[in-house]
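Asks: To start, I am sharing the structure in question, which I have written as C-alpha cells.
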Amino acid sequence: MCEALVCPTIKCNMTHTVSSSAQAKVPSVSPILTTVIPTFRRPSLLQRAVESAASQATSFPFTVDVFDNASSDHTGDVVAALRDEFANVRYTCREHNIGATANFTRAVASVESPYFSLLSDDDYVLPGFYERAVAALEREPQAAFWAGVTLAVGPDQKIWFARGLDYPCDGVYPAGDGAVRMTGGRAPTWTGIVFRTSAVTAAGFIDCRTGGPSDLDFLLRLACRYPYMVERVPVAVFSLNPSSFSATQPLESFWPGWQQLIANAALEPDIERDVRDRLLAALARDARRMLFRRGLHAAANRRRRFASDASAALIQDCRAPVAGWVVHLAALFARPALSAGLMRAAYRGIERFLVASRQKRVAYAHLLQPVATDPLLATGDSTPSSEESPAP
C-alpha cells in the first residue's frame, strides 16, 4: 500500500443540507482512490462530470469529492440529488470564493487515499478508467502515475486531438527519458491520469509561478523523478473552450510562466546531464513553436500588441530572429482589413486540415456524450490552468 498524503482535511461548510439517508450511504471503508472535482457555477456540466466518475465500476472503494467555490446557485441541489443516487459522492462548499487556484490546491491537499485523479467540472471520464489505472499502478509500485488517452473535444463535438495516442507503445517510461517524451505536445492531460499520492507528496504539487503551463511543469517534475505508465486507450474527454485563457490574454500572462517552467527543468536534481540537455533543448523548441503559432494567430486576428510581444520574445528570449521577423511582418501585412481576412481564412484552412487529418487517425466519436451547457460556461474556474503544450 502506498503512503498517504499527510495534510489537514478541508472541512465542509455546506450550503445545502443533505438528507440523513444520503449521509448514511457514505462508504465506511477507506477509499483507494479519490476523484477531485473543483467547481464554480456550472451545475449542468458538473452533473455530467460527477455521474461519469461516480458510476465507474471498480473492485475497490473510491470517492468523488466536489469542491464548490461558493457558487451561490443551485449547485448544492444538483450535488444533493447526485448524493442520493451515488453513495461515494462527497461535497464541500467554501464559505466565500477563494479563487480558482486556492480551491484547486486545497482540494488536492485534502486527499488521503493512495491514488487520486483530477477532473474539471466541464470534462468527463469514460467507463473502465479507474479500474484499469489502479490495477496497473498496483503492478508497478515505483510509477508516479498512469496515463490513458484523453480526447480533446470542441463545442462542435469534433475531436481536435487525442493526447497520449502519440506515444510509441504501452508500458513504463523511465524517469528522465519519460520527461523528454512529454515534449513536442505529447504530455498526457490530467483528465486521463491517476496519480500516486505519495509521489505527488514527495515531488510537490503545482508551482504557481509557472501560471498557465503549471500542469505541464508538474508532470515534468514527476517524470524527471519517477517512471510513469502509459496505455493508449481512451479514458477521458477534455472540453476545449473557444474563450480559453490562452486564447484571449496578453503574452505576459503566460510567457513568464513558460520561462519559469524551463528554469525549473534546468534545476531538476534527479536526472543525468545528457537527459537534462535533451529536455531543455526540446522545451526551447516547444517555446519557439508556441510563440510563432500564437503570434501568427494574433496577427491574423489583428491583435497587434500580442503579435508584437511574441515577435520580441522570439527574437530576444528564444534567439529565433527569422521566426520573430515573420510574425512582425505578418502583423504589418494584416493591418488592412482585407489582408487580415485573407490571413484568417488561410489560418482556419490549415486548422481544418489538421483537425481532419487527426479525425482520420482517431475514430472515437462514438465515445462522446451529448453536449451539456451552462450559461456561465466561460466563467467557471474548475481548475487554475488548462494550458496545453504546443502540438508537434
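Asks: Filtering segment 156-185 down to residues that are assigned to a strand (DSSP E or B) and within 18 Å of the chain's Cα centre (by Cα), which residue is surrounded by the fewest Cβ atoms within 10 Å (Cβ to Cβ)?
Replies: W160
Asks: Cβ-Cβ under 9 Å, sequence separation 6+ or interchain: first residue in segment 135-158 and touching a residue at least 12 places away in the same chain (Cβ under 8 Å), partner of a type in the set (D, E) and surrounded by fewer than 23 Cβ atoms within 10 Å (Cβ to Cβ). Which pairs?
Replies: From segment 135-158, the pairs are A136/E231; W146/E140; W146/E231; A147/E231; G148/E231; V149/E231; A152/E388.
Asks: Then there is this: Could you check segment 201-222 and list, in sequence order, the residues that are over 16 Å from the mean Cα position of the chain (by Cα) and within 26 Å of I32 (Cα to Cα)?
Replies: Those that are over 16 Å from the mean Cα position of the chain (by Cα) and within 26 Å of I32 (Cα to Cα): T201, A202, A203, G204.
Asks: Right, next: Of all the strands (runs of 3 or more DSSP E) wholly in segment 62-128, which have at least 2 residues that are of a type in the set (A, V, I, L, M)?
Replies: 62-68
Asks: Something else now. Select from segment 213-260 the residues that are in a loop (DSSP other than H, G, I, E, B) and closer than 19 Å to D317 by Cβ and write down the one among them that is modelled with the lowest pLDDT.
Replies: Result: Q249.
This table checks each residue for (1) within 28 Å of P61 (Cβ to Cβ); (2) surrounded by 19 or more Cβ atoms within 10 Å (Cβ to Cβ).
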{"residue": "E138", "(1), (2)": "yes, no"}
{"residue": "T150", "(1), (2)": "yes, yes"}
{"residue": "A187", "(1), (2)": "no, yes"}
{"residue": "T191", "(1), (2)": "yes, yes"}
{"residue": "V233", "(1), (2)": "yes, no"}
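Asks: Quick check on T101: is it modelled with pLDDT under 95 and more than 16 Å from T34 (Cβ to Cβ)?
Replies: Judged against the criteria, T101 is a match.
Asks: Another one. For segment 273-296, name all the residues that are among the aliphatic types (A, V, I, L, M) and in contact (Cβ under 8 Å) with a residue 12 or more places away in the chain.
Replies: The answer is V275, L279, L280, A282, L283, A284, A287, M290, L291, L296.
The values are calculated or read from the model by the stated rules, or taken from the named source; none is laboratory data. The shown structure was predicted, so the numbers you read here are calculated from the model rather than taken from an experiment. Here the Cβ is made from the backbone with ideal geometry for all residues, glycine too, and neighbour counts use every protein chain on show.
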